[in-house]
Structures are given as C-alpha cells and as structure tokens.
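Undergrad: Below are the structure tokens for one structure; questions will follow.
The values are calculated or read from the model by the stated rules, or taken from the named source; none is laboratory data. Computed from a predicted structure; not experimentally measured. Positions of Cβ are backbone-derived with ideal geometry, glycine not excepted, and every protein chain shown enters the neighbour counts. Surface accessibility is based on the protein's heavy atoms, side chains included, excluding ligands, DNA and RNA. Shrake-Rupley method; radii C 1.70, N 1.55, O 1.52, S 1.80 Å.
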Amino acid sequence: MGSNGKEKNNAAELNGHFNHLKIADATNDYGTADYVIFGVPFDNTSSYRRGSRLAPNSIRIAYDNLESYEVNYGIDFGECNIADLGDLPAYEDVNYTISEVEDVTRLIFNDKKIPIMLGGEHSITIGAIRNLKDVDMVIIDAHSDFRDSYFENKFNHACVTRRALEMLGRDKIISIGTRSTSREEIESEAYKNVRFVSANEVRLKGIKNIINEIKSKFDKNIYFSIDMDGIDPAYAPGVGTPEPYGLLANDVKEIINALADKIIGFDIVEITPLYDNGNTSMLAAKFIQDFIASRENILKNFKN
Ligand code: MN
Ligand code: MN
C-alpha cells in the first residue's frame, strides 16, 4: 500500500508546490505579527453588482505580482511582521457577519495589532468600528453611505457612515471622494456631523490641502476604510457600484502615506472581480503595500 503522500517528507515537499492563497509577504503567524490580514467574503446586501465575496483571493493573487522590496520607501516586507489568517466563512446573514467581524477585530485590537480586512462589501466595516471609542475615521468612498436604513436593513452597505457616526460621534469622520448621495441623506440633520469632501473639491483644492485639513482636525488614532468606488472607475473599474469622476489612485496613496503612523485599523471593500480587468485588485494589493511600507518607514525614522 502506498502512503498517499502522508509520509512526512513527501508532504513537506508537496507543500512547496501549492499556493495556500495567503498574501505573499504574510510570512508570520498571528503571535508575532504586527499586521493581521483576513478576508470577509460577504456581499449579501449589495444593491447593484455582486461579487465582492470573491475579492479577498483576487487581491491575494494580484499581490503575488508585487516585489517584496518596496523601493520607494526602502522597506523589505520580508522584515515586516505580517500574518494572513485566511477568510471568515461566507455567512448569509449581515448581522451575524458583522458580529463575527466585531469578535475577530476585538481580539486583534486588544493584542495591539493592526487588522487589515479584505472585503466583501462595506457593511463589514461596522463590525470593526463597534470595538473603537475615541478614534477618528477616514473613509474613501464615492457614496455618502448615510441612509438610516436601506431595504429595511440598518446594516446595508448604504448605511455604513451613518452607523459609524452613531458609534464615534460628531466631527470624528472625514469621508473623501463623495459624489453620490440621495436628497434624503443630504437633507438629514445629521449630515453636517460628518465632513464629506467631494471628489470635485479634491480636484479643485489639491490633495495636499485636504491632507492638511485632516491633520488639523484629527489628533487621535485613525480607522481607515477604503471603499474602492471612491477611486475613479478608470483606475478601479471592478467595483459593485461604480461612479464616474472619482479620485486619482495617487490621491489615495498620498492620504495613506500621510496618515500611516496614526492608522490602527485598515480595510479595503467593495471590489467585485467579476467586473474587473485586474486593475482594481492590483491597486488594492498596492494600497496594502503602501500602508505597511509607509508606516514602517515612519516608525524606522522615528527610532533613529
Ligand atoms: Mn461604501
Ligand atoms: Mn461606495
């Protein structure tokens, strides 16, 4: 009888041939990691183009194409402490999914590690925010996501900023790239409690001035959430609800660079690989590298 590949040496040899679909630079286990990546393949409340449940692995595959040395920051990701836990199971129910995210991120925050969550749709961000008090939040999004409820669901992905406002309080959220909001949202009393920076305002003022505004208003730790539809569809076509006239990829990169040392939680949501030409997942993978590399670069210079 054969060993069916269960002999120790055979199995070790086989392991080297297979792709375990981790972020390529995630060479640490959880215990030694500073950055903890995981996927949440959930897209049940998406209103237009589904498929964000497929994005975590699409981002991981795109990431395989990137160098492990980031020449722009002089950072070798092999020397950074990154873990990839894999994906949460794909639950049907939004309430259950959010509470799972809440439980997982609570442990990660308590261990003083930084969660990097790969959506999935934007509603999953609510789970992470539930653990946080006295933090500021920066959102990249084409949409205000400010409906009180949508399709009778308060945890629909169209309600994320509204829920975050309830948890974090007024003047704690800046959402950048806004160019789609309903009359009901913009006329609501609470709308002025969030600073919505339209994509057009970014274009007219320049991203440096917007970054200066963020820095003048925010002095706490920051939770950073990237809804990929905030970026122009030319750079990020594979999203659930695309909206023309968006941010430049470099605008978002510069915001990440400027805030990296303050960021305690990070997510990238709303990519749907079914409508992508590959660029959206690639850009998401690069944002992860830009975040880790710029943060490590700031910390390294701080130590010296
Ligand atoms: Mn959103
Ligand atoms: Mn959006």
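Undergrad: Return yes or no: is A258 of a type in the set (G, A, S), away from ligand 1 (no atom under 16 Å from the Cβ), out of contact with any Asp or Glu (no Cβ under 6 Å at 6 or more places or on another chain) and not in a helix (DSSP H, G or I)?
TA: Answer is no for this residue.
This table checks each residue for (1) in contact (Cβ under 8 Å) with a residue 24 or more places away in the chain; (2) closer than 21 Å to V135 by Cα.
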position	(1), (2)
S182	yes, no
R195	yes, yes
I207	yes, no
S216	no, yes
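Undergrad: With the requirement that a residue be open to solvent by 10 Å² or more (accessible area, probe 1.4 Å) and either among the aromatic types (F, W, Y) or closer than 18 Å to D111 by Cβ (or both), what does region 122-151 give you?
TA: R130, N131, L132, K133, Y150, F151
Undergrad: Mind listing whichever residues of region 131-165 are within 13 Å of ligand 1 (Cβ to nearest atom), of a type outside the set (A, V, I, L, M, F, W, C) and assigned to a strand (DSSP E or B)?
TA: H143, Y150
Undergrad: Something else about it: Is it the case that A249 is within 24 Å of S47 (Cβ to Cβ) and open to solvent by less than 50 Å² (accessible area, probe 1.4 Å)?
TA: Answer is no for this residue.
Undergrad: While we're on this one: Here are D43, D25: which of them is at pLDDT 95 or above, under 22 Å from N279 (Cβ atoms) and open to solvent by less than 70 Å² (accessible area, probe 1.4 Å)?
TA: Every option except D25 fails the conditions.
Undergrad: Right, next: Inspect region 49-63 for any residue being part of a loop (DSSP other than H, G, I, E, B), under 18 Å from the mean Cα position of the chain (by Cα) and at pLDDT below 95 and give the result as yes or no.
TA: yes
Undergrad: For region 196-211, name all the residues that are surrounded by fewer than 15 Cβ atoms within 10 Å (Cβ to Cβ) and within 22 Å of the chain's Cα centre (by Cα).
TA: Residue satisfying the conditions is K208 alone.
Undergrad: Any idea how many residues of region 109-121 are more than 14 Å from ligand 1 (Cβ to nearest atom) and either under 16 Å from I222 (Cβ atoms) or open to solvent by 10 Å² or more (accessible area, probe 1.4 Å) (or both)?
TA: Final tally of qualifying residues: 8.
Undergrad: Does region 190-236 hold any residues that are within 14 Å of ligand 2 (Cβ to nearest atom) and part of a helix (DSSP H, G or I), and which are they?
TA: Quick first cut of region 190-236, residues within 14 Å of ligand 2 (Cβ to nearest atom) only: 196, 198-199, 225-233, 236.
Answer for region 190-236, where residues must be within 14 Å of ligand 2 (Cβ to nearest atom) and part of a helix (DSSP H, G or I): A199, M228, D229, G230.
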